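Notes follow the structure.
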């Protein structure tokens, strides 16, 4: 049976549902997801992304995360695309698959995408390259430094 291609909205909805399972984060921004989906569709990951989305949809509505891990993460052909989806959400970076062996080039997205990376929020750190402090602030102890034991 030949399936019709996913509409843009169906692809986005499926991408967000899969991304929630892959990242472990329930509240993902749809606009950011659209940007990531566009980046993937305009990359060498486009054809394998379609396979990943179709495979995910074949598992039914709201599949169990363990079922997703077993059926999608267990497929070695899909793993590079799955890893790329996770990398996008956590850092906004995309690895260049054409890099020679032993070399890795990461291409980051827009400023908005980079600042929205889940990694920074989940580890409680400021975005690298954005401290929010004035020039030279690093010379002084932080205002929010934890106190001595017993404070």
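The values are calculated or read from the model by the stated rules, or taken from the named source; none is laboratory data. Everything numeric here is computed off the predicted structure, so don't read it as measured data. Methodologically, a virtual Cβ is constructed for each residue, glycine included, from the backbone with ideal geometry; neighbour enumeration extends over all protein chains shown.
Residues checked against (1) at pLDDT below 90; (2) within 15 Å of the chain's Cα centre (by Cα); (3) within 21 Å of residue 109 (Cα to Cα); (4) part of a helix (DSSP H, G or I):
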residue	(1), (2), (3), (4)
10	yes, no, no, yes
17	no, yes, no, yes
22	no, yes, yes, yes
48	no, no, yes, yes
60	yes, no, no, no
66	yes, no, no, yes
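For first residues located in the range 1-25 and more than 12 Å from residue 53 (Cβ to Cβ), partners that are modelled with pLDDT under 90 and part of a helix (DSSP H, G or I) and lie 6+ apart or on another chain with Cβ distances below 6 Å form the pairs 21/65; 21/68.
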